[in-house]
Structures are given as C-alpha cells and as structure tokens.
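One structure is given here, and the rest of the page talks about it.
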Amino acid sequence: MEFWIIQSLNGLSFGALLFLLASGLSLIFGVMNIVNVAHGSYFMIGGYLGYSVFLRTGSFVIACLAAAVAVAMIGIAMHFFLLRRYSTHFPQVLMTMGFALIFRDLTLVIWGGDPLSLATPAVLQGSFHIGPITYPIYRSFVILIAIAVAIGLWAFNEKTSLGAKLRATVDDNQMATGIGINVPMVSSLMFGLGAFLAGFGGVVGAPILGIFAGIDFDILPLAFVVVIVGGMGSLKGAAVGSILVGVVDTLGKALVPDLSYFTLFLPMAIVLAIKPTGLFGRA
Amino acid sequence: MLKVIDIHTYYGDSHVLQGVSLELDKGSVIGILGRNGMGKTTLISSIIGFTPPKQGKILLGGVDITHVAPHLRARMNLGLVPQGRRIFPSLSVMENLRVGIRKQSSGKWTEDRILSLLPRLKERGDHKGNELSGGEQQMLAIARALMTNPSVLLMDEPTEGLAPLLVADIGKIIGQLKDEGLSILLVEQNVPFALKMTDYVHVLSKGTIVHSSLPDELWDREDIKTQYLGL
C-alpha cells in the first residue's frame with residue numbers, strides 16, 4: 001500500500017514538472033502549430049542557468065526567475081527572427097533540431113559534461129509524515145507550484161486583455177490584424193511565454209531530476225505525449241495529460257522498468273484510438 | 001478619403017485584380033457589385049492589406065498605405081467588416097469589441113455610443129461569439145470595426161444570409177453611419193439593397209471594372225444587369 005501511495009505521489013510531482021514543460025509546448029505546438037524540437041532544451045538550459053545564478057546569489061527564487069526570463073528571451077529571439085517565417089513543419093523541425101544540438105554543445109562547453117545538482121532550498125528540505133507515509137516536502141511543493149501556474153495561466157488567458165488578444169490571434173490571425181492587433185508581436189510573446197515556463201520548470205525540476213546534457217531529449221517526448229493525449233492547445237488537457245503521463249511513466253518505471261516506453265505509449269495509443277483529438281482537443 | 005489607383009493583385013499565379021481604380025469621398029457610400037469570383041473580396045483584402053497588390057497604389061487620406069502592415073492600417077482609421085463576419089468564437093461579445101486597437105480618446109465612436117446604436121449586443125455581452133445568431137454576429141462585426149474609430153469602413157456582404165427584416169436593420173445602420181460622415185465601401189451580392197444604399201456603383205467582372213454609374217442608371221441598364229449581375 002505504501003509503495004502505491006509513494007509511487008503515485010512521485011508520479012504526481014513528476015506530472016507537475018511535466019505540466020510546466022507541456023503547458024508551454026501546448027501553446028507552441030498545439031496552438032501556434034510550430035514543432036519545437038528545442039523545447040526540451042529550454043528545460044535543460046533553465047536548469048543550468050538556474051544552477052549558475054544560484055551559485056552567485058544563493059537565492060532559489062532569483063535563480064528560478066532569472067533562468068526563466070533568460071530562456072524566454074532565447075525563445076522570443078528564435079521565434080521573432082526565424083521560426084515565424086516558416087509555416088510548415090519540415091523547416092521548423094530541421095531548424096529547431098539544429099538549435100537543440102547547438103544548445104547541447106554549448107552547455108557542454110560552458111558547464112562541462114559532469115551532471116550537476118541543485119540543492120533543495122533550505123526551507124523545503126526534509127519530509128513530512130502522515131501515518132506510515134513519509135514524503136519529501138519539496139516534491140509536494142512542486143505540485144503546489146504547478147497548480148499555481150495552472151491557475152495563473154487560466155486567469156491570464158481568460159481575464160487579461162493580452163490573453164484576449166492571444167485567443168483572437170489563435171481564432172483568426174488575419175482578422176486579428178484587421179482590427180489592429182500586432183499579431184507578429186503577440187505570437188512572439190506567446191512563444192516566449194512557452195519558453196519561460198519550460199525554463200522555469202528546468203530550475204524547479206533540478207533538485208529532483210538533476211542537471212545534465214541529455215535531459216533535453218529525455219523529457220521532450222514525454223511533453224509531446226502530454227500535449228497529444230491531453231488535446232492540442234487545451235490548458236485543461238495539458239493538466240490532465242501531465243498527471244496521466246507522470247503517474248503512468250513513474251509506475252511503469254517502478255514496476256516494469258524494461259517496458260517503460262511501452263507503458264508510456266500504450267495509453268497514448270488507446271486514447272488516440274478512442275478520441276483522435278486527444279482528451280480535451282478541439283475537433 | 002480612399003483612393004485606389006490601378007491595382008493588380010495575385011493569388012499565387014492567378015491574376016485576380018487586373019488594374020482596378022476607384023475613389024471614395026468623405027461621407028459617401030460606394031457599391032461594388034459583381035458575381036462570385038470576380039474579385040470583390042480580393043479588392044477588400046487588397047485595401048486592408050491581407051493580399052497586398054503587386055502593382056498600383058492605395059492612398060488613405062492622402063497617405064500611401066500600399067506597403068503598410070495590415071495591423072497598422074487598422075490604426076490609420078481603416079475599418080473592416082469582413083465577409084462571413086469572422087467573429088472570434090472563443091471571445092465573449094464584449095471581448096470581441098475590446099480586443100482590437102482602440103483610440104477612444106480621439107474618436108467619436110465610444111463603446112457607449114456603439115452599444116446604444118446596437119443595443120442587442122449589450123444584452124448578449126457575456127455570450128461567446130459563436131453563440132450568437134447570424135444577425136447578431138453581423139451587428140457585432142460592425143460594432144467591432146467601429147471600435148477602431150474608422151474614417152473609412154470596408155463592408156463585405158453585410159447582408160449575406162440574413163432574413164429580410166435583418167437586412168432592413170443593417171440598411172438602417174449603414175444609413176446612420178453615413179450620416180455620421182463615415183465613408184463606406186460596400187461589396188454586395190444583393191443588388192436592390194446595394195442600389196438603395198449607395199451614392200455610386202462599380203460593377204466588377206474578371207478583375208476589372210466594367211461599368212460605373214449612379215445606382216439609378218445601373219437599374220435601367222438591363223444589358224449590364226443580365227451580363228454581369230445575373231439578374
């Protein structure tokens with residue numbers, strides 16, 4: 001019983017990290033229809049930058065924000081100068097794949113090949129105990145962070161004027177320009193928001209997953225599975241998909257480690273067979 | 001207000017507009033008539049900038065806007081009521097109104113004035129754009145364009161698919177806008193409606209203007225009506 005509870009909680013906290021990555025990817029891939037192979041790289045770069053900022057400032061909060069803003073800038077530059085000029089998938093994949101390889105090599109040059117680790121912030125160290133269950137405080141904190149981000153994203157999308165411009169751009173970008181919305185700028189900001197969330201997730205995830213060259217492509221397929229299972233462009237879908245993939249992947253690796261990819265992709269195949277648009281996707 | 005000088009517009013290889021010129025004076029309503037596929041909507045798209053012309057010039061209030069980005073044209077007082085309304089479905093009625101560029105301080109089309117002109121929209125304020133009837137969507141498309149405080153309004157088939165009573169309502173609104181001094185370029189399939197609303201009409205066929213006259217004169221030209229308008 002304890003095994004199941006602990007593993008489920010681990011799945012939830014991993015799902016929370018996935019949500020930070022996948023909510024951004026859902027915007028970029030599901031809504032803007034850009035295949036960004038470098039999205040996992042944003043997560044990786046976020047981790048490395050957060051590590052360096054933490055070494056200099058000693059503040060986990062500053063590390064999170066600084067790394068997320070820096071990654072957002074990288075994303076905005078990639079979109080504004082290059083990606084927005086290509087509307088088909090093939091050039092997008094080639095270009096972002098190239099960026100992913102460059103980012104990987106750059107991190108090796110700057111931070112070296114040894115895995116790094118970011119210490120859990122002091123106030124979040126330790127575990128709490130409920131009956132026979134002992135569980136790390138930091139992992140619970142990550143779940144709370146993801147819930148806060150989900151609420152924040154929902155409020156931004158539904159309640160702010162920039163959110164309304166974003167939805168108008170997604171509904172009909174040509175008509176949006178026709179009433180004076182600066183669509184190229186709104187699109188680049190949207191891409192930047194996705195990158196911001198991935199970079200932020202990279203720092204928040206670092207104390208759990210570690211920081212190493214290779215985590216970019218370890219985590220990227222999971223994020224794509226979340227977006228496809230949850231439904232393209234749906235925030236609710238990204239949330240439910242992240243929990244599902246997080247729990248299934250964690251339990252699969254704990255129970256039958258040899259079949260971990262099978263346990264991940266089998267539920268995806270089943271969902272797609274029943275509902276080809278994903279759980280919450282628009283038809 | 002608006003001057004179109006010998007524009008040529010292409011969709012890929014197809015040469016859709018083949019040298020169209022027209023002029024729209026302040027406070028006047030000019031009609032563009034013609035069958036489907038003759039280039040009426042392309043003319044609107046060229047003026048708003050969705051499909052910029054390859055040759056020719058478009059002047060708005062004396063300023064050359066031929067190569068200006070579409071979102072900046074909307075800020076230069078050019079308003080669009082597009083074919084098919086193109087209401088943003090995931091935005092509420094009020095969000096549809098408020099999402100575009102607004103110059104409320106300088107212009108006379110404040111949100112309150114627009115809503116008093118189109119009171120039905122106020123009642124539907126919280127509904128999503130795709131929950132409205134066709135007539136309400138058309139009202140919303142007009143209101144959305146007015147929110148940008150245009151001096152020139154491009155209207156592409158505003159009566160399309162509407163019941164006669166609603167067509168009369170749209171006619172009343174266009175009359176009011178004209179009285180306010182707006183210049184309107186009105187593309188229509190509904191010939192009797194267009195002839196009633198306009199000060200001058202052009203007939204478009206295969207990308208060129210084949211007839212221009214006062215509305216009454218066109219009404220008497222059976223040859224033109226048969227050959228180019230299918231009446």
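In the elastic network of chain A, a GNM with C-alpha springs shorter than 10 Å, the most mobile of A:ALA70, A:ALA146, A:ALA168 is A:ALA168.
Note on the stretch B:2-229: semi-axes of the ellipsoid equivalent to its C-alpha gyration tensor, largest first and rounded to whole Å, are 27, 21, 16.
Footprinting exposure proxy ranking of A:TYR261, A:TYR51, A:TYR42, fewest other C-beta atoms within 10 angstrom first, gives A:TYR261, A:TYR51, A:TYR42. Think of the stretch B:2-229 as a dipole: +1 on every Lys or Arg Cβ, -1 on every Asp or Glu Cβ, centred on the Cα centre; then among B:GLY27, B:VAL81, B:GLY171, B:VAL81 lies furthest on the positive end. Structural descriptor for chain A: relative contact order 37 percent, calculated from alpha carbon pairs under 8 angstrom and at least 6 residues apart. Decide, for the stretch B:103-231, between rounded, prolate and oblate: order the square roots of the alpha carbon gyration tensor eigenvalues as a ≥ b ≥ c, take rounded if a/c falls under 1.5, and otherwise choose prolate if a/b is larger than b/c, else oblate. Prolate is the answer for the stretch B:103-231, as a/c is 1.5 or above and a/b outweighs b/c. Ordered by the count of other Cβ atoms within 10 Å of each Cβ, fewest first, A:HIS79, B:HIS8 give B:HIS8, A:HIS79. Kirkwood Rh over alpha-carbon pairs of the stretch A:55-141, then Stokes-Einstein at 20 °C and 1.002 mPa s: what D in µm² s⁻¹, rounded to an integer? Stokes-Einstein gives a translational diffusion coefficient of 128 µm²/s. Summing +1 for each Lys or Arg and -1 for each Asp or Glu among the other residues whose beta-carbon sits under 15 angstrom from that of A:PHE212 gives -3. Which loop-located trypsin sites (Lys or Arg not before Pro) does the stretch B:37-75 contain, where loop means any DSSP state but H, G, I, E or B and the Cβ has at most 14 other Cβ atoms within 10 Å? Taking the stretch B:37-75 and a limit of 14 other Cβ atoms within 10 Å, the loop trypsin sites (Lys or Arg not before Pro) found are B:LYS54. Enclosing the Cα atoms of the stretch A:2-274 in their convex hull gives a volume equal to 142 cubic angstrom per residue. Considering only A:GLY30, A:GLY233, A:GLY131, the mean-square fluctuation computed in a Gaussian network model of chain A, springs between alpha carbons under 10 angstrom, is largest for A:GLY131. Electrostatic tally near A:PHE99: other residues with Cβ closer than 15 Å to its Cβ, Lys and Arg +1, Asp and Glu -1, net +1. Beta-bridge orientation, the protein assembly as shown: approximately 60 percent antiparallel, per DSSP, counting only bridges with both partners inside. Each of B:VAL16, A:VAL149, A:VAL245 was scored by other Cβ atoms within 10 Å of its Cβ. Listed from fewest to most, they are A:VAL149, B:VAL16, A:VAL245.
Kirkwood radius, the protein assembly as shown, all distinct C-alpha pairs, inverse of mean reciprocal distance: 25.8 Å.
Put a plus charge on the Cβ of each Lys and Arg, a minus charge on the Cβ of each Asp and Glu, and nothing anywhere else: the dipole of the stretch A:2-274 about its Cα centre is then about 500 debye.
Partner shielding of B:93-99 amounts to 4, given as the average count of beta-carbon atoms from other chains within 10 Å of each residue beta-carbon. Tally Lys and Arg at +1 and Asp and Glu at -1 over the other residues with C-beta under 13 Å from the C-beta of A:VAL226: what net charge comes out? Result for the local shell: 0. Around the amide H of A:PHE280, modelled in the peptide plane, lie the amide H atoms of A:GLY231, all under 5 Å away and 5 or more residues distant in sequence or on another chain. DSSP finds beta bridges in the stretch B:2-229, and of those with both partners inside it, around 55 percent are antiparallel. Over chain A, DSSP H runs of length four or greater, each weighted -39,500 (n - 2.57), average out per residue to a 222 nm ellipticity of -25000 deg cm²/dmol. Using a Gaussian network model of chain A in which every pair of alpha carbons under 10 angstrom is joined by a spring, one finds that among A:GLY214, A:GLY178, A:GLY24 the greatest mean-square fluctuation is at A:GLY178. Working note: 222 nm ellipticity from helices only, DSSP H runs with n ≥ 4, each -39,500 (n - 2.57), summed and divided by the residues of chain B, gives -9000 deg cm²/dmol to the nearest 500.
Treating r as the C-beta distance of A:ALA119 and A:ILE6 and R0 as 22 Å, the FRET efficiency rounds to 0.50.
Bear in mind these aren't lab numbers, they're just calculated from the coordinates by the rules spelled out. Being a predicted model, the structure only gives us computed values, none of them experimental. Quick reminder, even Gly has a Cβ in these numbers, built from the backbone with ideal geometry, and neighbours come from all protein chains shown.
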